[in-house]
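This report concerns only the one structure given below.
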Amino acid sequence: MSPTASGSCYDFSTYTGTYFLKGALAGGVCCSITHGAACPLDVVKTRIQLDPATYNKGMLGGFRQVIAAEGAAALATGLGPTAGGYFVQGWFKFGGFEFLKVNLAKSYGDQAAWDKRFMLNTISAAGAEFVADIFLCPFEATRIRQVSDPAMAKLSLPGAAQAIVAQNGLIGGFYSGFIPMLFKQIPYTIAKFVVQDFAAEAIYQAVAPKRDVSGTTKFGISLTSGVIAGVTAAIISHPADTLLSKINKAGEGGEGNMFVRMGRIASSIGIKNLCLVGLPARCVMIGGITAGQFGIFDSMLPVLGVEKFHYHNPASHH
């Protein structure tokens with residue numbers, strides 16, 4: 001990119017509301033498709049986390065156990081809330097990330113934005129994820145209840161949601177897992193965007209510093225950097241993911257507010273199990289999901305007529 005008339009290496013006039021809406025749409029699509037496709041993995045992972053005594057034969061063994069006990073259709077349990085919830089979450093996560101990233105880069109100026117790009121990505125990811133989780137939490141609470149409760153699994157998404165509110169109230173039913181979700185999703189999203197950006201930048205520096213590569217190569221770089229980011233993010237966020245699965249299961253942690261229940265659950269599980277039970281399955285799932293998301297997102301934006309914003313070193317444009 002050549003310097004603009006103002007001397008900036010960015011043309012911020014191209015990053016309008018249309019760009020952010022297209023980014024949000026691409027984010028919604030990529031998250032809905034990847035999380036929906038991973039639903040069977042998520043069902044088995046959640047069963048391992050919720051009932052490790054029964055589901056103790058690893059990921060493949062868990063698949064066999066679920067199919068043997070409930071049939072293959074059980075692997076699609078919670079598909080509705082998963083696809084719908086992650087479309088909404090992806091809309092706000094990717095759209096919000098692009099919005100905050102572009103506007104922070106503009107306010108900091110070219111050199112400061114380049115020098116502090118990973119800090120700006122961290123702030124953007126955390127802010128976008130916080131907003132996205134407000135909308136995701138009811139969907140995720142419904143999904144977990146459907147996976148863990150056979151009676152809920154028979155209901156539609158609206159039916160299960162209504163039953164949860166009737167039993168536990170709006171806040172207790174949908175938002176008892178909001179704090180663990182933040183502890184899970186915010187570090188996960190920070191790692192996801194910061195590590196992916198760092199990995200992609202390193203790969204481009206090695207193969208094509210000016211990023212003048214074919215669409216196929218660009219897609220490959222998106223997938224590779226996505227896998228690296230996904231595995232890193234999975235490891236960082238796994239303990240909170242286990243807590244979230246447990247706290248949304250009816251009766252887990254006993255009575256009391258969410259912090260009291262979280263404390264009881266963490267004490268009963270133990271730190272080692274909290275960090276390691278279900279982790280290999282989560283690394284496979286999140287590594288694949290994240291690679292797919294960045295592959296789809298980075299491919300969709302040009303189709304929608306926009307180019308993804310990325311940081312530039314001002315020194316290379318003068």
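The values are calculated or read from the model by the stated rules, or taken from the named source; none is laboratory data. Being a predicted model, the structure only gives us computed values, none of them experimental. Quick reminder, even Gly has a Cβ in these numbers, built from the backbone with ideal geometry, and neighbours come from all protein chains shown. Quick note on the areas: whole protein, heavy atoms, side chains included, nothing else; ligands and nucleic acids left out. Shrake-Rupley method; radii C 1.70, N 1.55, O 1.52, S 1.80 Å.
Some points to look at:
- Selection of the stretch 60-88 for residues being under 17 Å from M285 (Cα atoms) and either charged (D, E, K, R) or open to solvent by less than 40 Å² (accessible area, probe 1.4 Å) (or both) yields G61, G62, L75, T77, G78, T82, A83, Y86.
- Tally, over the stretch 246-277, of residues that are modelled with pLDDT under 80, of a type in the set (G, A, S) and either at positive phi or assigned to a helix (DSSP H, G or I) (or both): 4
- In the stretch 77-92, the residues that are among the aromatic types (F, W, Y) reach residues that are open to solvent by 20 Å² or more (accessible area, probe 1.4 Å) and not in a loop (DSSP other than H, G, I, E, B) with C-beta atoms within less than 6 angstrom, at least six apart or across chains, in these pairs: Y86/S32; Y86/H35; F87/S32; F92/V131.
- Residue list for the stretch 285-318, filter: of a type outside the set (A, V, I, L, M) and either exposed (fewer than 14 other Cβ atoms within 10 Å of the Cβ) or in a loop (DSSP other than H, G, I, E, B) (or both): P302, G305, E307, K308, F309, H310, Y311, H312, N313, S316, H318
- Given (1) of a type outside the set (F, W, Y); (2) modelled with pLDDT of 85 or more; (3) in a helix (DSSP H, G or I), index of the condition A151 fails: (2)
- For the stretch 5-40, a residue qualifies if it is in a helix (DSSP H, G or I) and of a type in the set (G, A, S), and the qualifying residues are S13, G17, G23, A24, A26, G27, G28, S32, G36, A37.
- Which listed residue, of Y19, Y15, is open to solvent by 20 Å² or more (accessible area, probe 1.4 Å), hydroxyl-bearing (S, T, Y) and either over 27 Å from H238 (Cα atoms) or modelled with pLDDT under 85 (or both): Y15
- Qualifying residue in the stretch 63-74 (condition: without any contact (Cβ under 8 Å) to a residue 12 or more places away in the chain and basic (K, R)): yes
- Flag for R282 being under 25 Å from T242 (Cα atoms) and either open to solvent by less than 30 Å² (accessible area, probe 1.4 Å) or aliphatic (A, V, I, L, M) (or both): yes
- In the set (1) closer than 18 Å to G84 by Cα; (2) within 16 Å of the chain's Cα centre (by Cα); (3) β-branched (V, I, T), the condition left unmet by T142 is number (2).
- Selection from the stretch 105-119 of residues that are under 18 Å from A202 (Cα atoms) and assigned to a helix (DSSP H, G or I): A113, W114, D115, R117, F118, M119
Okay, residues lined up against (1) assigned to a helix (DSSP H, G or I); (2) more than 12 Å from A291 (Cβ to Cβ); (3) in contact with a helix residue (DSSP H, G or I) (Cβ under 7 Å, 6 or more places away or on another chain); (4) of a type in the set (A, V, I, L, M, F, W, C):
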| residue | (1), (2), (3), (4) |
| --- | --- |
| F193 | yes, yes, yes, yes |
| D197 | yes, yes, yes, no |
| P209 | no, yes, no, no |
| K218 | yes, yes, yes, no |
| T224 | yes, no, yes, no |
| V227 | yes, no, yes, yes |
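- The residues in the stretch 215-244 that are more than 17 Å from C275 (Cβ to Cβ) and at pLDDT below 90 can be counted, and the count is 1.
- Meets criteria (surrounded by fewer than 18 Cβ atoms within 10 Å (Cβ to Cβ) and either in contact with a Lys or Arg (Cβ under 8 Å, 6 or more places away or on another chain) or under 18 Å from Q185 (Cβ atoms) (or both)) for K57: yes
- Some residue of the stretch 157-164 being open to solvent by 40 Å² or more (accessible area, probe 1.4 Å), part of a helix (DSSP H, G or I) and in contact with a Pro (Cβ under 7 Å, 6 or more places away or on another chain): yes
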